[in-house]
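Notes follow once the structure below has been shown.
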Amino acid sequence: TGSLYIVATPIGNLKDITYRAVDVLKQVDIIAAEDTRHSRKLLDHYGIATKMMAVHDHNEADKITALLDVLNQGQSIALISDAGTPLISDPGYRLVRGVREQGGSVVAIPGPCAAIAALSIAGLPTDRFLFVGFLSAKQQARRAQLEQFVNERATLVLYESPKRILDCIADAELVLGEDRTMALVKEITKTFETVRTGTGRQLRDWLLESDAHRKGEFVVLIEGVQDAGRVPSIDPSVLRALNLAHQSMP
Ligand code: SAM
């Protein structure tokens with residue numbers, strides 16, 4: 001059977017694609033793309049003439065059988081999404097699982113991913129992070145999701161649309177606390193790539209400063225709970241008094 005290649009494509013700058021990705025996209029029989037019109041631009045830029053097929057969230061289930069048949073006939077497929085690494089807040093999971101379940105080969109052609117790029121430039125801790133992706137568009141559900149992370153020590157990694165970026169920051173501040181350091185990482189690899197770090201309040205002020213600040217694509221990073229934040233710190237003199245009181249108890 002043919003192989004399924006999961007190919008990362010640029011997240012803004014067309015040059016961010018590997019030599020191997022271009023080779024694979026040229027050589028496979030079919031490119032399964034999230035939005036064929038969108039991907040055409042990239043493929044044309046690199047002179048890739050491979051046939052495309054649309055596979056998005058809404059038709060993924062239907063397309064899986066067709067794509068499995070293609071692989072069973074010995075043809076190969078490359079899966080790409082509109083930007084970055086497929087399956088990362090993008091369709092493809094069910095297809096990959098389907099191919100694996102029937103013993104087929106799935107090959108990674110790694111490259112850009114907005115979450116990883118954001119972590120690499122923001123200056124927040126990266127030793128442990130939790131990828132959250134998109135929060136709910138509804139306020140109540142969004143706050144409930146954030147509540148799950150009140151005690152999380154890992155850096156949270158969120159994706160957000162310009163439409164909801166202000167609400168997202170405001171809710172994160174409300175639920176997780178005013179002192180959390182957050183980073184807005186915007187337009188990565190594009191002309192106006194920007195990183196802003198601060199409290200929720202400071203980031204909201206910056207977003208409100210100009211319409212331009214709210215446009216574009218965002219990754220939001222939120223620093224996890226630090227040790228000092230987990231256990232309310234007790235003044236040493238109070239601690240000593242408590243110990244003394246404890247010792248004098250019968
Ligand atoms: N699969 C992609 C990846 O590997 O990062 C993510 C796809 S998801 C549908 C799109 C979201 O990723 C955007 O709403 C934004 O939050 C984030 N994103 C994508 N490109 C970005 C960029 N150049 N700068 C900042 N965030 C970006």
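The values are calculated or read from the model by the stated rules, or taken from the named source; none is laboratory data. Keep in mind the model is a prediction, meaning the values are calculated, not measured. Cβ coordinates were reconstructed from backbone atoms using ideal geometry, including for glycine residues, and neighbour counts include every protein chain displayed.
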### Message
Restricting to segment 11-31, name every residue that is loosely packed, with under 13 Cβ neighbours inside 10 Å and within 16 Å of the ligand (Cβ to nearest atom).
### Response
Leu14, Lys15
### Query
Among all residue pairs at least 6 apart or on different chains, which show Cβ distances below 7 Å where the first residue, located in segment 174-191, is at positive phi and the second is surrounded by fewer than 14 Cβ atoms within 10 Å (Cβ to Cβ) and in a loop (DSSP other than H, G, I, E, B)?
Thr189/Asn13
### Query
Pick from Ala115, Ala66, Ala61: which is of a type outside the set (Asp, Glu) and under 29 Å from Glu187 (Cα atoms)?
Ala115
### Message
Of the residues Val7, Val24, Val96, only one is over 24 Å from Thr189 (Cα atoms) and modelled with pLDDT of 95 or more; which?
### Response
Val96
### Query
If Ile77 passes every condition in (1) within 16 Å of the ligand (Cβ to nearest atom); (2) among the aliphatic types (A, V, I, L, M); (3) within 25 Å of Lys41 (Cβ to Cβ) but one, which one does it miss?
(1)
### Residues satisfying the stated conditions in segment 189-207, i.e. under 17 Å from Cys168 (Cβ atoms) and β-branched (Val, Ile, Thr)
Thr194, Val195, Thr197, Thr199
### Residue match in segment 37-53 (condition: surrounded by fewer than 16 Cβ atoms within 10 Å (Cβ to Cβ), at pLDDT below 95, within 24 Å of the chain's Cα centre (by Cα) and within 12 Å of the ligand (Cβ to nearest atom))
no
